[in-house]
């Protein structure tokens, strides 16, 4: 009888769970940015009444501004 592990292994799945500190996660999100999307549908008796599509970009200003050319703006 073979047993299987319920805990994912990084060898099996490259996107497996790995613990990460909150500071590291916040640094990565603000450094590169992240897009959060979601869809909400309000319906009654299988009749869609309201549909909302939500999109939000979370990033630092420094990550969104282009780098200055060498030698300044002059």
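A short reminder: the numbers here are calculations on the coordinates, not readings from a lab. Just so you know, these numbers come straight off a predicted model, no measurement behind them. Here the Cβ positions follow ideal geometry from the backbone for every residue, glycine too, while neighbour counts run over all protein chains shown.
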Residues listed by number, the stretch 18-39, amide nitrogen under 16 Å from residue 59 label point at 7 Å toward C-beta: 27-37
Relative contact order computed over the stretch 21-72 (Cα-Cα under 8 Å; 6+ residues apart), in percent: 37
Net length gained if the chain between residue 24 and residue 48 were fully extended (0.36 nm per residue, minus Cα distance): 4.6 nm
Likely footprinting exposure, 58, 44, fewest C-beta neighbours within 10 Å first: 44, 58
